[in-house]
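**Student:** One structure follows; several queries about it will come next.
The values are calculated or read from the model by the stated rules, or taken from the named source; none is laboratory data. Computed from a predicted structure; not experimentally measured. No Cβ is skipped: glycine too gets one built from the backbone with ideal geometry, and neighbour counts run over all protein chains shown. Heavy atoms of the whole protein, side chains included, go into the accessibility calculation; ligands, DNA and RNA do not. Shrake-Rupley method; radii C 1.70, N 1.55, O 1.52, S 1.80 Å.
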Amino acid sequence: MDESIGIITKDEFLSDDLIKDVLFILGGNKPIRLGEAGCQFSPPNKICLSDLDAARSMKVDVNILPKTNREKQILVADMDSTLICEECIDELSKITGLSEKIIEITNRSMTGKISFSDSLIQRTALFEGVKLDILESCFIECINLSKGAKVLVNTMNSRGARTYIVSGGYHFFVERVAKLLNVTDYYSNDFIIEDKKISGKVKKPIIDEIGKLNLIKKICKKSNLNLNNVIAVGDGANDIKMLESAGHGVAYKSKKIVKKYTDVHIDYSDLTSLLFLQGMEQKYFINK
């Protein structure tokens, strides 16, 4: 069996006492600080899931990863509720007075109760007639980058990695976030525009959970790398197949259904935790 490494992270600051408590519960040793908010340690050969749950119940992120090939050459990230704090379609629904109908469909999709494709088609139809300048106002007034998003992308870019957004959201928003973060490339869904308004129709093919999986494979092929060289992060049901395929698949502040299919969970740390997961020390983070 491959040797493992344990990583403890917490938003902004991880105390020495909390590190000791986690190691006591898990039976880990040899803690090494990676920064103010991150630490790695040597875990025992076997860790009970109940012990891992007990450690995580202290509102700290604890993850066990293979020790080899920790640092990845490709980052693939979902956008809504991952790289940004919001769900763009939900924010647009608030501005247009469609909030109740849209958010109900979004929640059913994110929890896997209806397919993502169906949810996107249904929500886009409700936006028929919305002017593009309303979308611009929505982006400026409502959309915020998640804490650590810039540091994550900048640091990985600085180390020669390739960074991608693979989103089921609208091109209008994804393009703007991609430029803010300076990612290598991005992929998104889009609506058909008629007379500078949303027509209510979605462009095909739709990027759904299978679409995301196919895109991560396409990215690897283009880079001449395999899926084990990818760290992927997302929060919704349509991210599961993408996360399962990656070397590191990270469920970031995700729905319960996503955690069911992933081993690496981040709930109490910001996105710089993905750098700690890869063994990077905080002193090498790029904080532009």
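**Student:** Quick one: Karplus J couplings for region 216-223, per residue in order, coefficients 6.51, -1.76, 1.60, θ = phi - 60°, nearest Hz, x for Gly and Pro?
**Tutor:** 5, 5, 4, 4, 5, 4, 5, 8
**Student:** Where does helix 171-181 land angle-wise versus the long Cα axis of the chain, in degrees 0 to 90, nearest 10?
**Tutor:** 40
**Student:** Pull out a ≥ b ≥ c, the square roots of the eigenvalues of the alpha-carbon gyration tensor of region 54-104, then state rounded if a/c is under 1.5, prolate if not and a/b is larger than b/c, and oblate in the remaining case. Could you put the intermediate results ahead of the total?
**Tutor:** Values: a/c = 4.89, a/b = 1.96, b/c = 2.49.
Oblate, because a/c is 1.5 or more while a/b does not exceed b/c.
**Student:** Strictly over 21 Å apart at the Cα level, which of Lys218/Lys260; Lys212/Lys255; Lys147/Lys253; Lys59/Lys94 would you flag in this model?
**Tutor:** Values: Lys218/Lys260 26 Å; Lys212/Lys255 18 Å; Lys147/Lys253 12 Å; Lys59/Lys94 32 Å.
In this structure, Lys218/Lys260; Lys59/Lys94 lie more than 21 Å apart at Cα.
**Student:** So what is the relative contact order for region 124-222, in percent, with contacts set as C-alpha pairs under 8 Å and at least six apart?
**Tutor:** Values: 114 pairs, mean separation 32.0, N = 99.
Relative contact order, region 124-222: 32 percent.
**Student:** Report in % the part of the accessible area of the chain that belongs to carbon and sulfur, leaving out ligands and nucleic acids; probe 1.4 Å. Don't skip to the end; give the middle numbers.
**Tutor:** Values: 6710 of 13550 Å².
Using a 1.4 Å probe with all protein chains present, the chain comes out at 49 percent carbon and sulfur.
**Student:** Going through region 1-105, which GluC sites (Glu not before Pro) have at most 13 other Cβ atoms within 10 Å and a DSSP loop state? Walk me through the intermediate numbers first.
**Tutor:** Values: sites: Glu3, Glu12, Glu36, Glu71, Glu86, Glu87, Glu91, Glu100, Glu104; in loops: Glu3, Glu12, Glu36, Glu71, Glu86, Glu87.
Here the GluC sites (Glu not before Pro) that fit, given the DSSP loop and packing criteria, are Glu3, Glu12, Glu36.
**Student:** Which residue, Phe116, Ile47, Phe127, has the largest displacement toward the positive end of the dipole of region 17-155 when charges sit on each Cβ (Lys, Arg +1; Asp, Glu -1)?
**Tutor:** Ile47
**Student:** With a 1.4 Å probe and all protein chains left in place, how much accessible area per residue does the chain have, in Å²? Intermediate results must be reported in sequence, preceding the final value.
**Tutor:** Numbers: 13550 Å² over 288 residues.
The answer is 47 Å² per residue.
**Student:** Can I ask one more? Compute the helix-to-body angle for 99-110: its Cα long axis versus the longest principal axis of the chain, expressed 0 to 90° and rounded to tens.
**Tutor:** 50
**Student:** Restricting to DSSP loop positions (anything but H, G, I, E, B) with no more than 12 other Cβ atoms inside 10 Å of their own Cβ, which trypsin sites (Lys or Arg not before Pro) remain in region 83-122? Write out the running numbers ahead of the final one.
**Tutor:** On the way: sites: Lys94, Lys101, Arg108, Lys113; in loops: Lys113.
Passing both the DSSP loop test and the Cβ count: Lys113.
**Student:** If the cut-off is a Cα-Cα distance under 13 Å, which aspartates and glutamates reach Lys131, setting aside same-chain residues fewer than 8 apart in sequence?
**Tutor:** Glu194, Asp195
**Student:** Hey, what number do you get for the chain at 222 nm if only DSSP H runs of n ≥ 4 count, each worth -39500 (n - 2.57), divided across all residues, to the nearest 500?
**Tutor:** Working: 12 runs with 114 residues, N = 288.
My calculation for the chain gives -11500 deg cm²/dmol from helical runs alone.
**Student:** How far, in degrees from 0 to 90, does helix 132-142 lean away from the longest principal axis of the Cα atoms of the chain, to the nearest 10?
**Tutor:** Tilt of helix 132-142: around 30 degrees.
**Student:** Could you tell me the accessible area of Asp267 in Å² (1.4 Å probe, neighbours in place), rounded to the nearest ten?
**Tutor:** Rounded to the nearest 10, the figure is 50 Å².
**Student:** In percent, how large is the relative contact order of the chain, given Cα pairs closer than 8 Å and 6 or more residues apart?
**Tutor:** On the way: 548 pairs, mean separation 68.0, N = 288.
This gives 24 percent for the chain.
**Student:** List, in the order given, every pair from Lys113/Lys256; Lys30/Lys150; Lys222/Lys259 whose Cα-Cα distance in the structure shown is over 19 Å.
**Tutor:** Numbers: Lys113/Lys256 13 Å; Lys30/Lys150 31 Å; Lys222/Lys259 29 Å.
Flagged as over cut-off: Lys30/Lys150; Lys222/Lys259.
**Student:** Which log10 I(q)/I(0) values does the chain give at q = 0.07, 0.09, 0.11, 0.14 Å⁻¹ under the Debye formula, counting every alpha carbon as one identical point scatterer?
**Tutor:** With one equal scatterer per Cα and no solvent, log10 I(q)/I(0) is -0.27, -0.44, -0.64, -0.99.
**Student:** With a cap of 11 neighbouring Cβ atoms within 10 Å, and only residues DSSP puts in a loop, list the chymotrypsin sites (Phe, Trp or Tyr not before Pro) found in region 1-107.
**Tutor:** Hits after loop and neighbour filter: Phe13.
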